[in-house]
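Read the figures in this text as sums done on the coordinates, not as results from a lab. Everything numeric in this text was worked out from a predicted model, so none of it was measured. As a convention, Cβ positions derive from the backbone with ideal geometry for all residues, glycine included, and neighbour counts pool all protein chains shown.
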Amino acid sequence: MISVIKPGLQTTVQDKGRIGFYEIGMPPSGAMDKYAFTVANLLVGNHPNAAVLEITYLGPVLQFGKRMRISLAGGQIPPRINGQPVPMWTTLEVREGDELSFDFVQLGARVYLAVEGGIDVPLVMNSRSTYTLIGIGGYEGRALAAGDRLQLADMHEKEVAVGTQIDPRLIPAYSRSHEIRVVMGLCSYRLTDESKQTFLNTEWTVTPEANRTGYRHRGERLQFVEREQPFGAGSNPSNVTDLGYPIGSIQVPDGVEPIVLLHDAVTGGGYATIATVISADLDRMAQIKTNEKVRFVPVTLADALEARREVQARLSQVASAI
Amino acid sequence: MGEKKAILAPLPGIFYRRPGQDLPEYVQEGDVVKAGDTIGLIEVMKNFYEVKAEEDGIVAEFVVDNEGMVDAGQEIATLK
């Protein structure tokens, strides 16, 4: 068992996500940075879909009720056990009564805590992921609160020696300015040519409205091609007839403040989606903080698929070395 | 004169010196604060986080204006 002494800002139980219900309007939720999530589970020998804690910006204080292995992977929110700094991306061991706490966030935005066996909460539509907007999954459908007690699941598969570390070359580099790759479309034809260039040339600033649902960016105003709106589309030029929103898709309501939709977002609607963040860079989006700078870099679908294969290859390298 | 101590923002977001638009500021420059007293709020991800003084002191100066943007680790105010 793990006791929550302090919850942190927004600490939620997440696994790979609630996959397979997108068409009925259910977003997948799940870990925002799947790379860090996957490595964290590997380092404690868990099943790849074991549930972890996703910690955002401000870490919790947790007390462990028994001896177990744990690991922390993701953004640099430096962890301490009983006040002593401990390394990330490493298999650690805690004893009964040990307390885990965190320093202020340095680089990145989210860190993942995996515990041996995974966090046990009831499965909702095949997933333990928390979807706070409608209050399902995870721990009572919400972020953790002081006094919560987390039970451990039985998803431990492999003994991993304490002190196991991953190759430092496989630890992502985090920074404060970000180049995020996108595939243009589905509705980029709605932007004027000039605004397409503005979208790609602007250094956008991430606003305080940046969470698991989406990241909103401030920068330049974008213009849409004038037209008579088709049947079923809203009257604003940024509206189209309803369509499905890919995860990572970017919409620009009224041409101001592009929003990248993420894992807890609405699954469809009537805004033109002008580009989509490639899946390999969704992990990197998860590590961007409010106030940081983002540039969107266009790539082809072939580039996007190649980038996805590279991420998978890196995860295979991590797995084979543990 | 004692040494000045900084109160840092633990998260990025918008800094507020008052709990609501029509309410007075939590503390003024020159006020005595105790460890654990709230000196402001930071709004991020539609959450409001209370920024607290970590030790006793007198508020020397606010470095960030009301509704100013702060980064994680940035100095918000100093105590003397």
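A few notes on this one:
- Area projected by the alpha carbon convex hull of region A:61-212, averaged over all directions, nm²: 12.7
- Candidates A:Gln84, A:Gln251, A:Gln165: whichever shows maximal mean-square fluctuation once chain A is modelled as a Gaussian network with Cα springs under 10 Å: A:Gln84
- Note on A:Ile24, B:Ile7, A:Ile247: ascending count of other Cβ atoms within 10 Å places them as A:Ile24, A:Ile247, B:Ile7, the fewest first.
- Cross-link reach list, aspartates and glutamates versus A:Lys66, counting only Cα pairs under 12 Å and skipping chain neighbours closer than eight places: A:Glu93, A:Glu96, A:Asp98, A:Glu99, A:Glu116
- Where trypsin sites (Lys or Arg not before Pro) fall in DSSP loop in region A:53-111, at most 14 other Cβ within 10 Å: A:Lys66, A:Arg67, A:Arg95
- Across the alpha-carbon set of region A:62-121, the Rg to Rh ratio works out to 0.95, Rh being the Kirkwood radius.
- The chymotrypsin sites (Phe, Trp or Tyr not before Pro) of region A:8-76 that DSSP puts in a loop, and whose beta carbon has at most 16 other beta carbons within 10 Å, are A:Phe21.
- For chain B, the fraction of C-alpha pairs more than 22 angstrom apart is 16%.
- Computed over the alpha carbons of region A:38-95, Rg followed by Dmax gives 11.2, 30 Å.
- Backbone phi angles across region A:186-197, fed through the Karplus curve with coefficients 6.51, -1.76 and 1.60 (θ = phi - 60°), yield HN-Hα couplings of 6, 10, 5, 4, 7, 7, 5, 4, 4, 6, 4, 5 Hz in residue order; Gly and Pro are listed as x.
- Radius of gyration and Dmax over the Cα atoms of the protein assembly as shown, both given in Å: 22.1, 72
- Rough spin-label spacing in nm, given labels placed 7 Å along Cα→Cβ, for A:Phe104 and A:Arg295: 2.9
- Highest-MSF residue in chain A out of A:Gly248, A:Gly65, A:Gly17 [GNM, Cα springs under 10 Å]: A:Gly65
- When each of A:Lys196/A:Lys289; A:Lys6/B:Lys5; A:Lys293/B:Lys5; A:Lys6/B:Lys52; A:Lys6/B:Lys46 is checked by Cα-Cα distance, pairs over 22 Å: A:Lys196/A:Lys289; A:Lys6/B:Lys5; A:Lys293/B:Lys5
- Base-10 log of normalised Debye intensity for region A:269-318 (one unit scatterer per alpha-carbon) at q = 0.16, 0.26, 0.30, 0.32 Å⁻¹: -0.61, -1.08, -1.16, -1.19
- Cα long-axis angle, helix A:301-321 against chain A (0 to 90 degrees, to the nearest 10): 0
- Only Lys, Arg (+1) and Asp, Glu (-1) charged, at Cβ; chain A dipole about Cα centre in debye: 360
- Between helix A:34-43 and chain A there is an angle of about 10 degrees, using the helix long axis and the longest principal axis of the Cα atoms.
- Each of A:His156, A:His217, A:His47 was scored by other Cβ atoms within 10 Å of its Cβ. Arranged with the fewest first, they read A:His47, A:His156, A:His217.
- Among A:Pro253, A:Pro172, A:Pro28: highest mean-square fluctuation, GNM of chain A, C-alpha pairs under 10 Å: A:Pro172
- Amide H contacts under 5 Å for B:Gly68: B:Phe15, restricted to partners 5 or more places along the chain or on a different chain, H placed in the peptide plane at 1.01 Å from N.
- Calculated translational diffusion coefficient of region A:197-273 (25 °C, 0.890 mPa s; Stokes-Einstein with Kirkwood radius over alpha-carbon pairs) equals 189 µm²/s.
- Local electrostatic count, A:Arg80, Cβ distance below 12 Å [Lys/Arg +1, Asp/Glu -1]: -3
- Here region A:177-312 is treated with +1 on each Lys and Arg Cβ and -1 on each Asp and Glu Cβ, and its dipole about the Cα centre works out to around 200 debye.
- For region A:190-322, the mean projected area of the C-alpha convex hull, equal to one quarter of the hull surface, is 9.1 nm².
- Counting only Cα atoms, region A:116-203 measures 55, 39, 26 Å along its principal axes, largest extent leading.
- Sequence of B:Val32, A:Val4 once ranked by neighbouring C-beta atoms within 10 Å, starting from the fewest: B:Val32, A:Val4
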